[in-house]
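One structure is given here, and the rest of the page talks about it.
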Amino acid sequence: MRMLSHQQTQGWDIVGHEHAIEILRRTLAAQQVRHAYLFVGPEHIGKRLLVKRFAQCLLCTGGPDPTISPEAPCNVCLSCRKVLHGNHPDLHIIRRAADKQFILIEQVRELQNASSRRTMEGRRNIFILENVHEMNMQAANCLLKTLEEPEPDVILLLTVPDPGLLLPTIISRVQQIPMQLLSSLQIQQALQEHWDVEAAEAELLAALAAGRMGWAVQAVEDEDLLSERKSQLDLLLKIPTLTRVQRFQLVQQLGSESEKVHALLDLWLLWWRDMVLAANNCLDLTVNVDMRNQLKVQAAKIGTAEAERMIRAIIQTREALEQNVNARVALEVLMLDVPLIKS
Ligand SMILES: [Zn+2]
(Lines give C-alpha, C1' and ligand atoms only; values in the text may rest on other atoms or scores of the structure.)
Protein backbone atom coordinates (compact mmCIF):
# COMPACT_ATOMS: atom_id res chain seq x y z
CA MET A 1 0.00 0.00 0.00
CA ARG A 2 2.91 2.30 0.71
CA MET A 3 3.90 1.96 -2.92
CA LEU A 4 0.49 3.18 -4.03
CA SER A 5 0.39 6.27 -1.85
CA HIS A 6 3.95 7.03 -2.86
CA GLN A 7 2.87 6.94 -6.50
CA GLN A 8 -0.11 9.11 -5.79
CA THR A 9 1.92 11.84 -4.18
CA GLN A 10 3.99 11.76 -7.34
CA GLY A 11 0.95 12.76 -9.38
CA TRP A 12 0.55 9.69 -11.57
CA ASP A 13 -2.51 8.52 -9.60
CA ILE A 14 -2.30 5.00 -10.93
CA VAL A 15 -2.79 1.74 -9.05
CA GLY A 16 0.08 -0.65 -9.81
CA HIS A 17 2.21 -0.45 -12.97
CA GLU A 18 5.18 0.74 -10.91
CA HIS A 19 7.64 -0.73 -13.40
CA ALA A 20 6.11 0.95 -16.46
CA ILE A 21 5.85 4.28 -14.65
CA GLU A 22 9.48 4.00 -13.57
CA ILE A 23 10.63 3.58 -17.18
CA LEU A 24 8.65 6.64 -18.26
CA ARG A 25 9.74 8.68 -15.30
CA ARG A 26 13.41 7.97 -15.97
CA THR A 27 12.94 8.94 -19.61
CA LEU A 28 11.43 12.24 -18.52
CA ALA A 29 14.07 12.87 -15.85
CA ALA A 30 16.85 12.33 -18.40
CA GLN A 31 14.93 14.43 -20.95
CA GLN A 32 15.40 11.64 -23.43
CA VAL A 33 11.88 11.27 -24.69
CA ARG A 34 11.72 9.12 -27.81
CA HIS A 35 9.53 9.54 -30.84
CA ALA A 36 7.35 6.50 -30.34
CA TYR A 37 6.24 4.30 -27.47
CA LEU A 38 4.23 1.10 -27.57
CA PHE A 39 2.19 0.33 -24.44
CA VAL A 40 1.63 -3.42 -24.28
CA GLY A 41 -0.95 -5.19 -22.15
CA PRO A 42 -4.30 -6.99 -22.31
CA GLU A 43 -7.59 -5.14 -22.56
CA HIS A 44 -8.70 -3.25 -19.41
CA ILE A 45 -5.28 -3.44 -17.80
CA GLY A 46 -5.05 0.37 -17.72
CA LYS A 47 -3.22 1.33 -20.93
CA ARG A 48 -5.45 4.30 -21.68
CA LEU A 49 -4.90 5.89 -18.25
CA LEU A 50 -1.14 5.39 -18.28
CA VAL A 51 -0.88 6.86 -21.79
CA LYS A 52 -2.96 9.84 -20.71
CA ARG A 53 -0.74 10.47 -17.68
CA PHE A 54 2.37 10.29 -19.86
CA ALA A 55 0.81 12.72 -22.33
CA GLN A 56 0.08 15.04 -19.41
CA CYS A 57 3.75 14.91 -18.39
CA LEU A 58 4.85 15.66 -21.94
CA LEU A 59 2.61 18.73 -22.18
CA CYS A 60 2.62 19.84 -18.51
CA THR A 61 3.74 23.41 -17.86
CA GLY A 62 3.47 23.22 -14.08
CA GLY A 63 6.98 21.98 -13.34
CA PRO A 64 9.81 24.09 -11.93
CA ASP A 65 10.82 24.99 -15.48
CA PRO A 66 7.69 25.32 -17.67
CA THR A 67 9.71 24.57 -20.80
CA ILE A 68 10.78 21.13 -19.52
CA SER A 69 8.45 18.17 -18.94
CA PRO A 70 8.26 17.20 -15.27
CA GLU A 71 8.63 13.57 -14.08
CA ALA A 72 4.97 13.49 -13.12
CA PRO A 73 1.94 15.50 -14.19
CA CYS A 74 1.13 18.38 -11.85
CA ASN A 75 -2.58 17.82 -12.62
CA VAL A 76 -3.38 21.49 -12.01
CA CYS A 77 -1.83 23.46 -14.86
CA LEU A 78 -4.05 24.31 -17.82
CA SER A 79 -2.27 21.79 -20.06
CA CYS A 80 -2.74 18.93 -17.60
CA ARG A 81 -6.40 19.76 -17.21
CA LYS A 82 -6.96 20.01 -20.94
CA VAL A 83 -5.36 16.59 -21.49
CA LEU A 84 -7.57 15.14 -18.74
CA HIS A 85 -10.68 16.56 -20.34
CA GLY A 86 -9.60 15.47 -23.79
CA ASN A 87 -9.47 18.95 -25.32
CA HIS A 88 -5.78 19.80 -25.56
CA PRO A 89 -5.20 21.05 -29.13
CA ASP A 90 -1.80 19.31 -29.39
CA LEU A 91 -3.13 15.91 -28.31
CA HIS A 92 -4.74 13.81 -31.03
CA ILE A 93 -6.39 10.45 -30.44
CA ILE A 94 -6.81 7.93 -33.20
CA ARG A 95 -8.84 4.78 -32.79
CA ARG A 96 -11.01 2.55 -34.91
CA ALA A 97 -14.48 4.04 -35.43
CA ALA A 98 -17.19 1.87 -33.85
CA ASP A 99 -18.82 1.20 -37.21
CA LYS A 100 -15.55 0.37 -39.01
CA GLN A 101 -13.54 -2.81 -39.07
CA PHE A 102 -10.16 -1.09 -39.15
CA ILE A 103 -8.27 2.08 -38.40
CA LEU A 104 -8.22 3.56 -41.89
CA ILE A 105 -5.44 5.05 -43.97
CA GLU A 106 -7.37 8.36 -44.04
CA GLN A 107 -6.98 8.56 -40.26
CA VAL A 108 -3.23 8.01 -40.50
CA ARG A 109 -2.96 10.61 -43.31
CA GLU A 110 -4.76 13.09 -41.08
CA LEU A 111 -2.18 12.33 -38.43
CA GLN A 112 0.58 13.05 -40.92
CA ASN A 113 -0.97 16.34 -41.93
CA ALA A 114 -1.49 17.38 -38.33
CA SER A 115 2.03 16.34 -37.36
CA SER A 116 3.61 18.54 -40.01
CA ARG A 117 1.75 21.57 -38.65
CA ARG A 118 3.13 23.60 -35.79
CA THR A 119 1.92 22.84 -32.31
CA MET A 120 -0.89 25.06 -31.08
CA GLU A 121 0.14 25.61 -27.47
CA GLY A 122 2.78 23.27 -26.26
CA ARG A 123 6.18 22.14 -27.27
CA ARG A 124 5.01 18.85 -28.75
CA ASN A 125 2.41 17.27 -30.97
CA ILE A 126 1.20 14.06 -29.36
CA PHE A 127 -0.68 11.31 -31.14
CA ILE A 128 -2.29 8.45 -29.28
CA LEU A 129 -3.08 5.45 -31.47
CA GLU A 130 -5.20 2.99 -29.55
CA ASN A 131 -5.18 -0.70 -30.47
CA VAL A 132 -2.83 -0.07 -33.32
CA HIS A 133 -3.18 -3.71 -34.48
CA GLU A 134 -6.61 -2.74 -35.75
CA MET A 135 -5.02 -1.01 -38.74
CA ASN A 136 -5.34 -2.52 -42.14
CA MET A 137 -2.13 -3.07 -44.11
CA GLN A 138 -2.41 0.22 -46.03
CA ALA A 139 -2.78 2.24 -42.83
CA ALA A 140 0.08 0.33 -41.15
CA ASN A 141 2.41 1.04 -44.06
CA CYS A 142 1.42 4.68 -43.98
CA LEU A 143 2.14 4.82 -40.24
CA LEU A 144 5.50 3.24 -40.87
CA LYS A 145 6.51 6.26 -42.95
CA THR A 146 5.78 8.53 -39.99
CA LEU A 147 7.83 6.27 -37.74
CA GLU A 148 10.73 6.25 -40.17
CA GLU A 149 10.88 10.00 -40.65
CA PRO A 150 9.36 11.56 -37.57
CA GLU A 151 8.88 15.31 -37.30
CA PRO A 152 11.10 16.58 -34.48
CA ASP A 153 8.36 17.56 -32.05
CA VAL A 154 6.01 14.64 -32.76
CA ILE A 155 5.52 11.83 -30.24
CA LEU A 156 3.47 8.74 -30.99
CA LEU A 157 1.94 6.74 -28.15
CA LEU A 158 0.66 3.41 -29.46
CA THR A 159 -1.20 0.69 -27.57
CA VAL A 160 -1.61 -2.98 -28.37
CA PRO A 161 -2.70 -6.09 -26.43
CA ASP A 162 0.11 -8.20 -27.88
CA PRO A 163 3.17 -6.99 -29.86
CA GLY A 164 2.99 -10.17 -31.97
CA LEU A 165 0.03 -8.58 -33.76
CA LEU A 166 2.21 -5.84 -35.29
CA LEU A 167 4.61 -5.71 -38.21
CA PRO A 168 8.22 -6.24 -37.07
CA THR A 169 9.12 -3.03 -38.90
CA ILE A 170 6.79 -1.12 -36.57
CA ILE A 171 8.04 -2.92 -33.45
CA SER A 172 11.65 -2.06 -34.26
CA ARG A 173 10.87 1.66 -34.32
CA VAL A 174 9.15 2.00 -30.98
CA GLN A 175 10.14 1.64 -27.37
CA GLN A 176 7.97 -0.97 -25.70
CA ILE A 177 6.42 -0.28 -22.32
CA PRO A 178 5.22 -3.66 -21.03
CA MET A 179 2.35 -3.52 -18.52
CA GLN A 180 1.92 -6.28 -15.98
CA LEU A 181 -1.22 -7.71 -14.41
CA LEU A 182 -1.91 -6.49 -10.90
CA SER A 183 -2.30 -8.87 -7.95
CA SER A 184 -5.83 -9.52 -6.65
CA LEU A 185 -4.78 -8.01 -3.33
CA GLN A 186 -3.61 -4.80 -5.00
CA ILE A 187 -6.95 -4.48 -6.79
CA GLN A 188 -8.98 -5.35 -3.73
CA GLN A 189 -7.19 -2.80 -1.55
CA ALA A 190 -7.50 -0.09 -4.19
CA LEU A 191 -11.24 -0.73 -4.58
CA GLN A 192 -11.77 -0.48 -0.83
CA GLU A 193 -9.58 2.57 -0.29
CA HIS A 194 -10.30 4.69 -3.33
CA TRP A 195 -13.67 3.50 -4.62
CA ASP A 196 -15.33 2.85 -1.22
CA VAL A 197 -16.27 -0.70 -2.15
CA GLU A 198 -17.17 -3.02 0.75
CA ALA A 199 -14.61 -5.69 1.60
CA ALA A 200 -16.60 -8.74 0.40
CA GLU A 201 -17.56 -7.15 -2.92
CA ALA A 202 -14.03 -5.85 -3.44
CA GLU A 203 -12.69 -9.38 -2.97
CA LEU A 204 -15.10 -10.81 -5.55
CA LEU A 205 -14.43 -8.05 -8.08
CA ALA A 206 -10.67 -8.33 -7.57
CA ALA A 207 -10.81 -12.05 -8.27
CA LEU A 208 -12.96 -11.59 -11.38
CA ALA A 209 -10.76 -8.78 -12.67
CA ALA A 210 -7.94 -11.29 -13.19
CA GLY A 211 -5.29 -8.61 -12.75
CA ARG A 212 -6.98 -5.91 -14.81
CA MET A 213 -7.69 -2.80 -12.76
CA GLY A 214 -9.64 -1.21 -15.59
CA TRP A 215 -12.10 -4.07 -15.56
CA ALA A 216 -12.59 -3.79 -11.80
CA VAL A 217 -13.26 -0.05 -12.03
CA GLN A 218 -15.69 -0.59 -14.88
CA ALA A 219 -17.52 -3.20 -12.80
CA VAL A 220 -17.82 -0.73 -9.91
CA GLU A 221 -19.12 2.03 -12.15
CA ASP A 222 -21.43 -0.04 -14.33
CA GLU A 223 -23.83 -2.20 -12.33
CA ASP A 224 -25.05 -4.01 -15.45
CA LEU A 225 -21.61 -5.43 -16.12
CA LEU A 226 -21.78 -8.04 -13.37
CA SER A 227 -25.31 -9.15 -14.17
CA GLU A 228 -24.40 -9.43 -17.86
CA ARG A 229 -21.37 -11.50 -16.96
CA LYS A 230 -23.53 -13.76 -14.81
CA SER A 231 -26.03 -14.39 -17.59
CA GLN A 232 -23.22 -15.07 -20.06
CA LEU A 233 -21.65 -17.58 -17.69
CA ASP A 234 -25.01 -19.28 -17.14
CA LEU A 235 -25.19 -19.60 -20.90
CA LEU A 236 -21.65 -21.00 -21.08
CA LEU A 237 -22.58 -23.57 -18.48
CA LYS A 238 -25.50 -24.66 -20.66
CA ILE A 239 -23.68 -24.97 -24.02
CA PRO A 240 -22.25 -28.47 -23.44
CA THR A 241 -25.81 -29.80 -23.01
CA LEU A 242 -27.13 -28.22 -26.22
CA THR A 243 -27.68 -30.03 -29.52
CA ARG A 244 -25.99 -28.87 -32.71
CA VAL A 245 -29.10 -27.07 -33.89
CA GLN A 246 -29.53 -25.30 -30.58
CA ARG A 247 -25.89 -24.23 -30.68
CA PHE A 248 -26.27 -22.67 -34.11
CA GLN A 249 -29.38 -20.85 -32.90
CA LEU A 250 -27.35 -19.54 -30.01
CA VAL A 251 -24.71 -18.11 -32.35
CA GLN A 252 -27.48 -16.24 -34.16
CA GLN A 253 -28.55 -14.69 -30.85
CA LEU A 254 -25.02 -13.76 -29.84
CA GLY A 255 -24.62 -11.65 -32.97
CA SER A 256 -21.37 -10.92 -34.75
CA GLU A 257 -20.44 -7.42 -33.67
CA SER A 258 -16.68 -7.63 -33.37
CA GLU A 259 -16.31 -5.84 -30.03
CA LYS A 260 -18.92 -8.06 -28.39
CA VAL A 261 -17.44 -11.23 -29.81
CA HIS A 262 -13.99 -10.29 -28.53
CA ALA A 263 -15.31 -9.61 -25.03
CA LEU A 264 -17.21 -12.89 -25.17
CA LEU A 265 -14.12 -14.85 -26.15
CA ASP A 266 -12.12 -13.27 -23.30
CA LEU A 267 -14.78 -14.43 -20.89
CA TRP A 268 -14.85 -17.92 -22.43
CA LEU A 269 -11.12 -18.23 -22.20
CA LEU A 270 -11.11 -17.45 -18.49
CA TRP A 271 -14.00 -19.84 -18.01
CA TRP A 272 -12.31 -22.76 -19.73
CA ARG A 273 -9.05 -22.00 -17.98
CA ASP A 274 -11.02 -22.32 -14.74
CA MET A 275 -12.44 -25.59 -16.05
CA VAL A 276 -8.91 -27.00 -16.49
CA LEU A 277 -8.03 -25.90 -12.95
CA ALA A 278 -11.25 -27.40 -11.57
CA ALA A 279 -10.60 -30.68 -13.38
CA ASN A 280 -7.19 -30.77 -11.71
CA ASN A 281 -8.50 -30.13 -8.21
CA CYS A 282 -7.21 -26.56 -8.14
CA LEU A 283 -10.56 -24.93 -7.59
CA ASP A 284 -9.04 -22.36 -5.24
CA LEU A 285 -7.06 -20.88 -8.16
CA THR A 286 -10.11 -20.26 -10.36
CA VAL A 287 -11.00 -16.70 -11.32
CA ASN A 288 -14.78 -17.12 -11.37
CA VAL A 289 -14.94 -17.51 -7.61
CA ASP A 290 -18.73 -17.26 -7.43
CA MET A 291 -19.18 -20.18 -9.87
CA ARG A 292 -16.89 -22.70 -8.22
CA ASN A 293 -19.61 -25.22 -7.41
CA GLN A 294 -20.88 -25.25 -10.99
CA LEU A 295 -17.32 -25.46 -12.33
CA LYS A 296 -16.56 -28.42 -10.11
CA VAL A 297 -19.63 -30.36 -11.26
CA GLN A 298 -19.04 -29.69 -14.96
CA ALA A 299 -15.28 -30.26 -14.81
CA ALA A 300 -15.88 -33.72 -13.38
CA LYS A 301 -17.92 -34.58 -16.50
CA ILE A 302 -15.67 -32.90 -19.07
CA GLY A 303 -12.17 -33.71 -17.86
CA THR A 304 -8.79 -32.05 -18.37
CA ALA A 305 -8.05 -33.09 -21.95
CA GLU A 306 -11.33 -31.75 -23.35
CA ALA A 307 -11.07 -28.54 -21.35
CA GLU A 308 -7.54 -27.96 -22.63
CA ARG A 309 -8.69 -28.62 -26.18
CA MET A 310 -11.37 -25.93 -25.73
CA ILE A 311 -8.73 -23.40 -24.66
CA ARG A 312 -6.79 -24.08 -27.85
CA ALA A 313 -9.97 -23.80 -29.90
CA ILE A 314 -10.83 -20.41 -28.35
CA ILE A 315 -7.31 -19.10 -28.98
CA GLN A 316 -7.55 -20.28 -32.60
CA THR A 317 -10.89 -18.54 -32.94
CA ARG A 318 -9.38 -15.31 -31.68
CA GLU A 319 -6.56 -15.65 -34.17
CA ALA A 320 -9.01 -16.35 -36.96
CA LEU A 321 -10.88 -13.16 -36.08
CA GLU A 322 -7.63 -11.16 -36.18
CA GLN A 323 -7.15 -12.60 -39.68
CA ASN A 324 -10.55 -11.24 -40.51
CA VAL A 325 -12.53 -14.48 -40.69
CA ASN A 326 -16.30 -13.90 -40.51
CA ALA A 327 -17.21 -13.73 -36.81
CA ARG A 328 -20.41 -15.74 -37.11
CA VAL A 329 -18.69 -18.58 -38.98
CA ALA A 330 -15.84 -18.60 -36.45
CA LEU A 331 -18.28 -18.80 -33.55
CA GLU A 332 -20.21 -21.62 -35.22
CA VAL A 333 -17.02 -23.64 -35.62
CA LEU A 334 -16.10 -22.96 -32.00
CA MET A 335 -19.56 -23.90 -30.81
CA LEU A 336 -19.19 -27.35 -32.36
CA ASP A 337 -15.88 -27.73 -30.52
CA VAL A 338 -17.58 -27.45 -27.14
CA PRO A 339 -17.74 -30.99 -25.71
CA LEU A 340 -21.20 -32.55 -25.36
CA ILE A 341 -22.35 -33.75 -21.96
CA LYS A 342 -25.66 -35.11 -20.73
CA SER A 343 -27.59 -32.52 -18.74
ZN1 LIG B 1 0.63 20.14 -15.38
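The values are calculated or read from the model by the stated rules, or taken from the named source; none is laboratory data. No experiment lies behind these values; they were computed from the predicted model shown. Cβ: placed from backbone, ideal geometry, glycine included. Neighbour counts: every protein chain shown. Side chains included, ligands, DNA and RNA excluded: accessible areas come from the protein's heavy atoms. Shrake-Rupley method; radii C 1.70, N 1.55, O 1.52, S 1.80 Å.
Quick one: compute the contact order of region 106-183, relative version, from alpha carbon pairs under 8 angstrom and 6+ residues apart, as a percent. Write down the numbers at each step before the final one.
Working: 55 pairs, mean separation 27.8, N = 78.
With pairs under 8 Å counted, the relative contact order is 36 percent.
Could you give the accessible area per residue of the chain, probe 1.4 Å, as a whole number in Å²?
Details: 17470 Å² over 343 residues.
With all protein chains present, the chain gives 51 Å² per residue.
Might you report the magnitude of the Cβ-based charge dipole of the chain about its Cα centre, with Lys and Arg at +1 and Asp and Glu at -1, to the nearest 20 debye? All intermediate terms of the calculation are to be shown ahead of the outcome.
On the way: 36 positive and 41 negative charges, 125 e Å.
Rounded to the nearest 20 debye, it is 600 debye.
In terms of the ratio Rg/(2.2 N^0.38 Å) built on C-alpha atoms, what value belongs to the chain?
Values: Rg = 22.2 Å, N = 343, 2.2 N^0.38 = 20.2 Å.
In units of the 2.2 N^0.38 Å rule of thumb, it is 1.10.
Any lysines with Cα under 30 Å of the residue 47 Cα? List them, leaving off those in the same chain fewer than 8 positions away.
Answer for residue 47, where 30 Å is the Cα cut-off: 82, 100, 145, 230, 260, listed by chain and number.
How large are Rg and Dmax for region 13-168 when calculated on the C-alpha trace, in angstrom?
Rg and Dmax of region 13-168, Cα atoms, are 15.1, 45 Å.
Apply 1/(1 + (r/R0)^6) to the Cβ-Cβ distance of residue 311 and residue 85, taking R0 = 30 Å, and write down the FRET efficiency to the nearest 0.05.
Values: r = 42 Å, r/R0 = 1.39.
In this case the efficiency is close to 0.10.
The chain: longest stretch without exposed GluC sites (Glu not before Pro) (DSSP loop, at most 16 other Cβ within 10 Å), sites themselves excluded?
Working: sites that count: 43, 121, 198, 257.
Looking at the chain, 258-343 is the longest stretch - no exposed GluC sites (Glu not before Pro) with at most 16 other Cβ atoms within 10 Å.
Between 235, 295, 157, which gets the highest mean-square fluctuation from a Gaussian network model of the chain, Cα cutoff 10 Å?
Result for the chain, Cα springs under 10 Å: 235 fluctuates most.
What FRET efficiency comes out for the pair residue 34/residue 289, r = Cβ-Cβ distance, R0 = 45 Å, nearest 0.05?
Details: r = 41 Å, r/R0 = 0.92.
The formula returns an efficiency of 0.60 here.
Given the -39500 (n - 2.57) contribution per DSSP H run of 4+ residues, what per-residue ellipticity at 222 nm results for the chain, rounded to the nearest 500 deg cm²/dmol? Display every interim value, and only then the final one.
Values: 16 runs with 190 residues, N = 343.
Mean residue ellipticity, 222 nm, calculated: -17000 deg cm²/dmol.
Give the average over all directions of the projected area of the C-alpha convex hull of region 199-343, one decimal, in nm².
8.6 nm²
Quick check on region 260-338: what does the Kirkwood estimate of hydrodynamic radius come out to from the alpha carbon pairs, in Å? Please list the in-between numbers first.
Values: mean 1/r = 0.0778 Å⁻¹.
Taking the inverse mean of 1/r over all distinct Cα pairs, region 260-338 comes out at 12.9 Å.
Restricted to Cα positions, what overall size does region 1-103 have along the principal axes? Three whole-Å values, descending.
44, 32, 24
Between residue 118 and residue 325, take the C-beta separation as r, use R0 = 45 Å, and let me know the FRET efficiency to the nearest 0.05. Don't jump to the answer; show the numbers that get you there.
Working: r = 44 Å, r/R0 = 0.98.
With a Förster radius of 45 Å, E is 0.55.
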